[in-house]
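Have a look at the structure below, then the notes.
The values are calculated or read from the model by the stated rules, or taken from the named source; none is laboratory data. What you see is a predicted model; the values in this text were computed from it and never measured. Every residue, glycine among them, receives a Cβ derived from its backbone with ideal geometry; neighbour counts consider all protein chains shown.
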Amino acid sequence: MTLQELLPKLFPDGNTVTVTDNIAAGEGRTASGTVRIIGTTGGTRLGIRELLALSRLFLDVLRNRPGQPILMLVDNDGQKMALEDELLGLNQYIAHLVKLQDLARRNGHPVAALVYGNSIAGGFIAFGLCAGDTYALPDSNTSVMILPAIARVTKLPLEYLEELSRTVAVFAPGVKNFFRTGGLREVWDGNLNECMEKALRQNQSADIRAELGAERGGRPEAAKIIQEVMNA
């Protein structure tokens with residue numbers, strides 16, 4: 001689904017979103033008030049320029065819109081694999097954007113992310129996976145690392161990883177597997193405006209992804225190990 005198709009479904013009462021260099025910004029009108037929209041589109045890759053643009057949008061909300069809900073609309077093809085960006089400290093710009101999402105939540109802004117296109121690798125971590133809650137449309141794509149890349153890093157045969165991914169959700173990309181691991185709070189289908197309104201009312205004070213992963217069978221041990229470490 002394109003951004004232009006998505007926005008009227010999320011905000012039937014209208015929106016003021018504009019897109020500049022594949023960065024979307026504006027507000028959407030809902031029955032409970034306005035929602036700040038910060039998004040990526042066009043399968044863009046997140047380099048320093050894009051990360052700074054997104055960070056400025058978060059800072060603007062923090063400074064000028066106390067408590068306003070923030071909806072992140074996610075469509076990116078990962079971080080920019082460019083020498084210049086890496087030499088200038090791309091990882092620090094990713095960390096800065098993640099910290100701003102956390103700061104927004106700590107200052108009373110509900111922060112939800114909706115994956116409507118691609119969400120890959122460092123782009124997903126920087127913008128999507130670290131929201132208060134992360135959601136996805138059924139036909140979107142979620143992936144921290146694709147199987148061929150995992151095969152190159154681990155030196156394990158791709159065929160072995162493909163077989164393993166059929167039963168171990170953490171190895172497999174895709175919305176269904178991310179839902180099973182608890183990485184996605186819900187998959188939105190049907191009335192997207194109602195889904196969004198519900199998401200922005202969720203209590204985001206605790207990270208329950210490990211518990212969801214245990215309930216859904218995608219991460220059966222994570223919650224137990226976390227609890228053991230906390231009680232040690």
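When the strands (runs of 3 or more DSSP E) confined to segment 56-122 are screened for residues that are of a type in the set (Gly, Ala, Ser), those reaching at least 1 such residues are found at 76-79, 111-115, 118-120.
Within segment 31-55, being out of contact with any strand residue (DSSP E or B) (no Cβ under 7 Å at 6 or more places or on another chain), touching a residue at least 60 places away in the same chain (Cβ under 8 Å) and part of a helix (DSSP H, G or I) holds for one residue alone: LEU51. I need the full set of residues from segment 151-201 which are part of a loop (DSSP other than H, G, I, E, B) and either among the polar types (S, T, N, Q) or on the phi > 0 side of the Ramachandran plot (or both), in order please. Passing the criteria: LYS155, THR167, GLY174, GLY182, GLY190, ASN191. Looking only at residues of segment 202-216 that are hydrophobic (A, V, I, L, M, F, W, C) and assigned to a helix (DSSP H, G or I), we find that the one that is surrounded by the most Cβ atoms within 10 Å (Cβ to Cβ) is LEU212. Within segment 82-93, identify whether any single residue is under 20 Å from the mean Cα position of the chain (by Cα), in contact (Cβ under 8 Å) with a residue 12 or more places away in the chain and under 20 Å from ASN141 (Cβ atoms), and answer yes or no. The answer is no; no qualifying residue exists. Would you confirm whether any residue within segment 137-149 is touching a residue at least 60 places away in the same chain (Cβ under 8 Å), out of contact with any Pro (no Cβ under 6 Å at 6 or more places or on another chain), surrounded by 13 or more Cβ atoms within 10 Å (Cβ to Cβ) and not in a loop (DSSP other than H, G, I, E, B)? No, there is no match, as no residue in segment 137-149 is touching a residue at least 60 places away in the same chain (Cβ under 8 Å), out of contact with any Pro (no Cβ under 6 Å at 6 or more places or on another chain), surrounded by 13 or more Cβ atoms within 10 Å (Cβ to Cβ) and not in a loop (DSSP other than H, G, I, E, B). Could you say whether any residue in segment 168-175 is modelled with pLDDT of 85 or more and exposed (fewer than 12 other Cβ atoms within 10 Å of the Cβ)? The answer is no, given that none of the residues of segment 168-175 is modelled with pLDDT of 85 or more and exposed (fewer than 12 other Cβ atoms within 10 Å of the Cβ).
The test for being exposed (fewer than 14 other Cβ atoms within 10 Å of the Cβ) and within 26 Å of PRO173 (Cβ to Cβ) holds for THR2.
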